[in-house]
1. Select from the range 25-47 the residues that are touching a strand residue (DSSP E or B) at 6+ places or on another chain (Cβ under 8 Å) and farther than 20 Å from residue 102 by Cβ and write down the one among them that is surrounded by the most Cβ atoms within 10 Å (Cβ to Cβ).
2. Is there a residue being out of contact with any helix residue (DSSP H, G or I) (no Cβ under 9 Å at 6 or more places or on another chain) and assigned to a strand (DSSP E or B) anywhere in the range 41-62?
3. Tell me whether the range 209-220 contains one or more residues that are modelled with pLDDT of 95 or more, out of contact with any helix residue (DSSP H, G or I) (no Cβ under 9 Å at 6 or more places or on another chain) and outside any loop (DSSP other than H, G, I, E, B).
4. Just checking, does the range 194-204 include any residue being surrounded by fewer than 21 Cβ atoms within 10 Å (Cβ to Cβ) and either touching a strand residue (DSSP E or B) at 6+ places or on another chain (Cβ under 9 Å) or closer than 26 Å to residue 44 by Cβ (or both)?
5. From 18, 64, which residue is surrounded by fewer than 23 Cβ atoms within 10 Å (Cβ to Cβ), farther than 19 Å from residue 256 by Cα and touching a residue at least 40 places away in the same chain (Cβ under 8 Å)?
6. Filter the range 122-155 for residues that are over 15 Å from residue 215 (Cβ atoms) and outside any helix (DSSP H, G or I); which is modelled with the highest pLDDT?
7. How many residues does the range 71-102 contain that are touching a residue at least 40 places away in the same chain (Cβ under 8 Å) and under 15 Å from residue 30 (Cβ atoms)?
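The values are calculated or read from the model by the stated rules, or taken from the named source; none is laboratory data. This structure is a prediction, so every number in the text was calculated from the model and none was measured. As a convention, Cβ positions derive from the backbone with ideal geometry for all residues, glycine included, and neighbour counts pool all protein chains shown.
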């Protein structure tokens with residue numbers, strides 16, 4: 001994947017994104033922790049042209065103060081698509097990015113060819129609350145997010161920082177990412193998507209890790225029942241990060257669905 005910067009709204013925003021591959025376009029929208037140049041993106045780029053931007057307020061992309069709420073952020077991504085020359089695209093969103101992808105598809109359905117939502121937030125159940133992950137120490141969060149915290153794949157995806165300076169930098173970027181996410185997720189991540197989700201007309205694949213303790217798999221039914229043309233796949237031995245925990249199965253599912 002190559003890194004590039006584009007101009008959005010005549011330079012009001014200059015987002016940085018990863019881009020690679022060829023074929024039908026995928027707009028990939030990342031989770032609250034930020035965007036990583038990970039193997040699953042490279043695998044998707046073997047069949048598709050993948051565009052994976054950093055949201056405003058994450059990583060090198062600035063402009064969070066110009067975004068009011070989740071609807072404003074979804075409209076911003078319509079402008080990103082314009083800047084990329086994409087009249088329409090497949091949209092794949094994970095966690096916060098899944099909520100955002102659903103809002104994007106609900107606001108302007110003709111721009112989304114097919115939609116993939118992986119462990120999305122956006123609904124709330126009192127009996128199965130979404131975890132307030134920002135209030136947890138980093139060393140306590142991992143078991144809520146992944147099926148097996150000792151997995152070699154996860155160690156490869158998130159290698160421990162080498163030295164105190166790298167550890168402080170990692171902590172800073174984590175705090176920056178979670179602070180940005182709080183603008184769209186709390187006090188609870190119900191920002192009205194349930195009133196708009198019926199507007200989604202794109203065929204939709206909903207993927208969830210069976211061991212997700214951050215956003216419990218029970219929420220898959222809320223998304224399935226709200227989107228007319230949708231299906232759910234629950235992945236075993238995966239939690240909130242199935243693209244890292246089960247990358248081959250995740251990429252195969254997504255690629256087959258988008259190619260149908």
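1. Going through the qualifying residues, I end up with 41.
2. yes
3. Yes, because at least one residue in the range 209-220 is modelled with pLDDT of 95 or more, out of contact with any helix residue (DSSP H, G or I) (no Cβ under 9 Å at 6 or more places or on another chain) and outside any loop (DSSP other than H, G, I, E, B).
4. Yes: the range 194-204 contains one or more residues that are surrounded by fewer than 21 Cβ atoms within 10 Å (Cβ to Cβ) and either touching a strand residue (DSSP E or B) at 6+ places or on another chain (Cβ under 9 Å) or closer than 26 Å to residue 44 by Cβ (or both).
5. Exactly one of 18, 64 is surrounded by fewer than 23 Cβ atoms within 10 Å (Cβ to Cβ), farther than 19 Å from residue 256 by Cα and touching a residue at least 40 places away in the same chain (Cβ under 8 Å), namely 64.
6. The selected residue is 148.
7. Counting residues in the range 71-102 that are touching a residue at least 40 places away in the same chain (Cβ under 8 Å) and under 15 Å from residue 30 (Cβ atoms) gives 16.
A quick yes/no check of all residues on (1) under 30 Å from residue 61 (Cα atoms); (2) part of a helix (DSSP H, G or I); (3) modelled with pLDDT of 95 or more; (4) touching a helix residue (DSSP H, G or I) at 6+ places or on another chain (Cβ under 8 Å):
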residue	(1), (2), (3), (4)
166	yes, yes, no, no
202	yes, no, yes, yes
206	yes, no, yes, yes
234	no, no, yes, yes
